[in-house]
Amino acid sequence: MKDLSSTYHLETKRTEAAPGVRRDVAGQRFLLALLLSTWIPMLFFISIAHLETTYFSIRGMKSIFLFLGTAHVPATFFFYTDRNFSHIIGRHKARYIYFPLALTVGTGILFAFSSFTTQAYLLLFYWAWQAFHYGRQNLGIYAFASIAQASSAPLKLEKVAIDLTTLCGILGTFRIMGMDVAPEYLRGAMNYLYQFGKFGYVAAILFSLYVYARNFQRTTLLKSVFFWTLILFFLPIYLSNDINVTFLSYAIAHGLQYIIFMGIVSLSGEQGERARALRYRSALKLMGLLILVGLLFFHAETLRSFDVVKNNQLLVRSFDFLFGAVLGATMAHFVIDAGAWRLSQLPQREYMTKRFGFIFKPKDSA
């Protein structure tokens, strides 16, 4: 999801209070759902890192979270099933069709036929881009919270503060995710980047305190909660050596946030007598993508580890291609997502404001 703040637009037509009240309730529920989708997985994964024994119920819950965190990527492809979005795809085929296909197939081929060193560099690039993508969604979430709570876009310094924490997240990601796959000669540099990111995060928090104090009179309690939730989003990277804390805590939170956004997209926007049936159909399409394509994404790496695969060179190449293609499709999700939520473009703005009218229209407007 892209930063929405620079394109925030309010209509000024007056109307009755009741629709505004309903929009306000819907907006509050939406914001609460975003907060819970962030806090619950973070608290869960941080907590299980400190358990000496992992019970069956906890393992089951972890599996569900991991699946949802992976399945959020196919949710992006809902846009291709929505006739209301088809004209946007038609106008920008390079972004929505050609480049995603090239990324998916090209990464699959690269993974199937390249050396381990090349694969390592590709993974490091992917993990850095992934952290950047998380940060862009954080900016988008804060824009929604700011518009809903204060009827205004985030301040420039607030966005700078969130961007600084994203940069620190990227610096820490290299060591957290890449130490086991990176060539030996890169590991020292990755440790230095990690230490730089740790001290940088302290500086970013101090800067955020300054920004928050400076604009304290212009904020609300809920907006403040969002600001500090997003400022601390990447902090788990620097709190532990356990992957449950240092990656899964915020990665799964990101995935659940996105599922909520796409759930709203699938359930909103249709008008008229057939609206309810069309909304149910859209919701089913989204669920199908989450479950069916999500299972493929979820098991892509596991399939490579079976002995029957390891002992057959053709299968090794095939499943390496599958894993690389899933990696490429995930990067395609970054590209598609950035375009779909680019509200500086009129078609995307009209599409999204229609679905998030309870956020983008003031309480007293229709």
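The values are calculated or read from the model by the stated rules, or taken from the named source; none is laboratory data. The structure displayed is predicted, hence computed values, not measured ones. Don't worry about glycine lacking a Cβ; one is built from the backbone with ideal geometry, like all the others, and counts go over all protein chains shown. Ligands, DNA and RNA are excluded from the accessible area calculation, which covers all protein heavy atoms including side chains. Shrake-Rupley method; radii C 1.70, N 1.55, O 1.52, S 1.80 Å.
Couple of notes before you dig in:
- With every protein chain in place, the stretch 129-236: carbon and sulfur % of accessible area (1.4 Å): 67 percent
- Gyration tensor over alpha-carbon atoms, the stretch 47-132, equivalent ellipsoid semi-axes in Å: 33, 23, 11
- Charge dipole (debye, nearest 20) of the chain; +1 at Cβ of Lys and Arg, -1 at Cβ of Asp and Glu: 1100 debye
- Relative contact order of the stretch 166-213, defined on C-alpha pairs under 8 angstrom at six or more residues apart (%): 46 percent
- The residues of the chain expose, per residue, 48 Å² of accessible area to a 1.4 Å probe.
- Backbone phi angles across the stretch 168-182, fed through the Karplus curve with coefficients 6.51, -1.76 and 1.60 (θ = phi - 60°), yield HN-Hα couplings of 5, x, 5, 4, x, 4, 4, 6, 5, 9, x, 4, 7, 10, 6 Hz in residue order; Gly and Pro are listed as x.
- Contour excess over end-to-end distance, with Cα ends at Tyr280 and Tyr192 and 0.36 nm allotted per residue: 26.6 nm
- When the helices of the chain are scored as -39500 (n - 2.57) per DSSP H run of n ≥ 4 and the total is divided over every residue, the value at 222 nm lands at -24000 deg cm²/dmol.
- Compactness of the stretch 151-207 was expressed as the Cα radius of gyration divided by 2.2 N^0.38 Å, which yields 1.39.
- Relative packing of peptides 331-340, 101-110 - highest average C-beta neighbours within 10 Å first: 331-340, 101-110
- 3J(HN,Hα) along the stretch 344-356, derived from phi through the Karplus expression 6.51 cos²θ - 1.76 cosθ + 1.60 where θ = phi - 60°, amounts to 6, 8, 4, x, 5, 5, 5, 4, 6, 5, 5, 8, 10 Hz, with x in place of Gly and Pro.
- The relative contact order of the chain, computed from alpha carbon pairs under 8 Å that lie at least 6 residues apart in sequence, is 41 percent.
- Lysine pair number, Cα distance threshold 24 Å (strictly under), the chain, separation 8 or more or different chains: 23
- When mean projected area of the Cα convex hull in nm² is calculated for this entry, the matching label among [x] 18.0; [y] 20.3; [z] 16.8 is [y].
- Considering only Thr220, Thr54, Thr229, the Gaussian network model of the chain with Cα springs below 10 Å gives its largest mean-square fluctuation to Thr54.
- Highest mean packing comes first when the peptides 204-216, 158-170 are listed by Cβ atoms within 10 Å, giving 158-170, 204-216.
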